[in-house]
Amino acid sequence: MASKQWARLSEDVYCGLRRGAWYKVIFAGHDLVVVDVARERLLIPRDVLEFVDVRPALWTVVSHTRESVSFPPHRGKRFAVCPNCRLRQVPIGRPSRLRCHRCNGLFEVDWKDPIIVSGTRQVSRLIAS
């Protein structure tokens, strides 16, 4: 079944997806979903994802309460994820819009619904063929 949906993590889990980033859904089964991550297909448990029919064009704000290996503490307690290229960028203050340093896209920032990262748990990550 082909899908025109987008998905992102709805829980604080580690499975190879960036928190706050949207991924194209390739296939959505009852328990598992295949998403496209840089032209690699990953099989993710459905219950840790949220879905939308149209890819949002807003920066997602991610706040973390613990040290992250991939996002060092000296960069602050929050970052924003570009809706176009998934770059993580530290906002200065609370801007209503941000321009991405990588893709140069200018998008509004979703300050209303930040994602909180705390006690991340591991979820199996499978590569679909």
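The values are calculated or read from the model by the stated rules, or taken from the named source; none is laboratory data. As the structure is a prediction and not an experimental result, all values here were calculated from the model. Backbone-built Cβ (ideal geometry, glycine too); neighbour counts: all protein chains shown.
Quick notes on this structure:
- Among residues of the range 83-111, those that are out of contact with any Ser or Thr (no Cβ under 9 Å at 6 or more places or on another chain) and in a loop (DSSP other than H, G, I, E, B), counted: 17
- Taken over the range 10-31, the criterion of being in contact with a helix residue (DSSP H, G or I) (Cβ under 6 Å, 6 or more places away or on another chain) and either more than 22 Å from VAL117 (Cα to Cα) or among the charged types (D, E, K, R) (or both) is satisfied by GLU11, ASP31.
- Of all the criteria given as (1) out of contact with any helix residue (DSSP H, G or I) (no Cβ under 9 Å at 6 or more places or on another chain); (2) within 29 Å of ARG99 (Cα to Cα), the one not satisfied by ILE44 is (2).
- Residues in the range 96-129 that are of a type in the set (D, E, K, R), under 26 Å from ARG41 (Cα atoms), at pLDDT below 95 and loosely packed, with under 13 Cβ neighbours inside 10 Å: ARG121 alone.
- Filter result for the condition that a residue is at pLDDT 90 or above and buried (at least 20 other Cβ atoms within 10 Å of the Cβ), over VAL54, VAL48, VAL37, VAL33: VAL33
- Scanning the range 69-95 for residues that are modelled with pLDDT of 70 or more, hydrophobic (A, V, I, L, M, F, W, C) and surrounded by 13 or more Cβ atoms within 10 Å (Cβ to Cβ) turns up PHE79, ALA80, VAL81, CYS82, CYS85, LEU87.
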